[in-house]
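The values are calculated or read from the model by the stated rules, or taken from the named source; none is laboratory data. Treat the numbers as computed from the prediction; the structure is a model and nothing was measured. We place every Cβ from the backbone using ideal geometry, glycine too, and count neighbours over all the protein chains shown. Just the protein is used for accessible areas: all its heavy atoms, side chains included, with ligands, DNA and RNA removed. Shrake-Rupley method; radii C 1.70, N 1.55, O 1.52, S 1.80 Å.
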Amino acid sequence: LLILMLGGTIAWIGFAASFTFHPYWVMALMDDILPTFIFIAIAWYFSNGELKKLFRRPRWSDWWFAVVMLIVQVAYSLFAIYSLNSAGFSTNENGEAAQVGSAANKGLMLFHEVISDLFDLMSEEVVSLTIFLVVAALLIQYYHFSRRSGLGIAMLASMILFGLIHFETYNWNLVQMLLVIGVARFFLNSIFVRSKSIWVSYIVHNIFDALSFLIAMNAMH
């Protein structure tokens, strides 16, 4: 499962970077919808159906923690970008925000990006959480790491992967990808660990992306 997820992620990124699809619905199908269902199908099959446990119904108490983590995540991201700029590191604009800002019909482009995100972010959640859980299981159950060490290393692996898959969005700005985007995965994984539900981290992920998107768009003006 770990090998297939990593290989599938690389193939997905390469495929998306190599082809440009028109019209929009073809692009959404090939670049957003199909990859999402493929990742879910792979994880479902090779987890012997255990993937369904990720989709448990959240408790009301899970959302309070999620709101706190979202606030901390937004605050950290703004602070990290400010700190990097102050230290002389450049940070790149969100690529999707740049597309909306330069589009002739900004409203339509924004709608397209929001619809795409509904599928893209589920793919990112399934991949990131699968990597987190599989690495943790390997280290703790098979290599007898302590629970703290196993979860810590698994968290780091998930954060690094999550940062790296955003190379196109942030134009290979490695520092920004790891220290801003990668660390954002820590908050999302923490939400999942608390809630045991992908729905909570997925919804917070969508909200965070929307906020980041709006901030980037406003910064362009």
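Looking only at region 45-67, decide whether some residue is touching a helix residue (DSSP H, G or I) at 6+ places or on another chain (Cβ under 7 Å) and β-branched (V, I, T). Taking every residue of region 45-67 in turn, none turns out to be touching a helix residue (DSSP H, G or I) at 6+ places or on another chain (Cβ under 7 Å) and β-branched (V, I, T). Just so you know, in region 93-109 the residues that are open to solvent by less than 60 Å² (accessible area, probe 1.4 Å), in a helix (DSSP H, G or I) and hydrophobic (A, V, I, L, M, F, W, C) include one that is modelled with the lowest pLDDT, and it is V100. Listed by position, the helices (runs of 4 or more DSSP H) enclosed by region 1-92 include none that has at least 2 residues that are surrounded by fewer than 16 Cβ atoms within 10 Å (Cβ to Cβ) and in contact with a Gly (Cβ under 8 Å, 6 or more places away or on another chain). Has region 129-139 got at least one residue that is modelled with pLDDT of 95 or more, over 22 Å from L51 (Cβ atoms), in a helix (DSSP H, G or I) and among the hydrophobic types (A, V, I, L, M, F, W, C)? No; the residues of region 129-139 include none that is modelled with pLDDT of 95 or more, over 22 Å from L51 (Cβ atoms), in a helix (DSSP H, G or I) and among the hydrophobic types (A, V, I, L, M, F, W, C). Taking each residue of region 35-64 that is farther than 21 Å from I10 by Cα and looking for partners that are loosely packed, with under 13 Cβ neighbours inside 10 Å with beta-carbon atoms closer than 9 Å, six or more apart or interchain, yields L51/Y45. Looking across region 160-173 at every residue that is in contact (Cβ under 8 Å) with a residue 40 or more places away in the chain and part of a loop (DSSP other than H, G, I, E, B), the one that is surrounded by the fewest Cβ atoms within 10 Å (Cβ to Cβ) is identified as E168. Count of region 79-118 residues, restricted to those that are closer than 17 Å to F186 by Cα and touching a residue at least 60 places away in the same chain (Cβ under 8 Å), is 2. Test I131 against the criterion of being within 21 Å of M177 (Cβ to Cβ) and buried (at least 20 other Cβ atoms within 10 Å of the Cβ), and give yes or no. Criteria met by I131. State yes or no: is F208 open to solvent by less than 30 Å² (accessible area, probe 1.4 Å), modelled with pLDDT under 95 and within 14 Å of Q73 (Cβ to Cβ)? Yes. Checking each residue in region 174-205 for being outside any helix (DSSP H, G or I) and open to solvent by less than 20 Å² (accessible area, probe 1.4 Å) picks out only S197.
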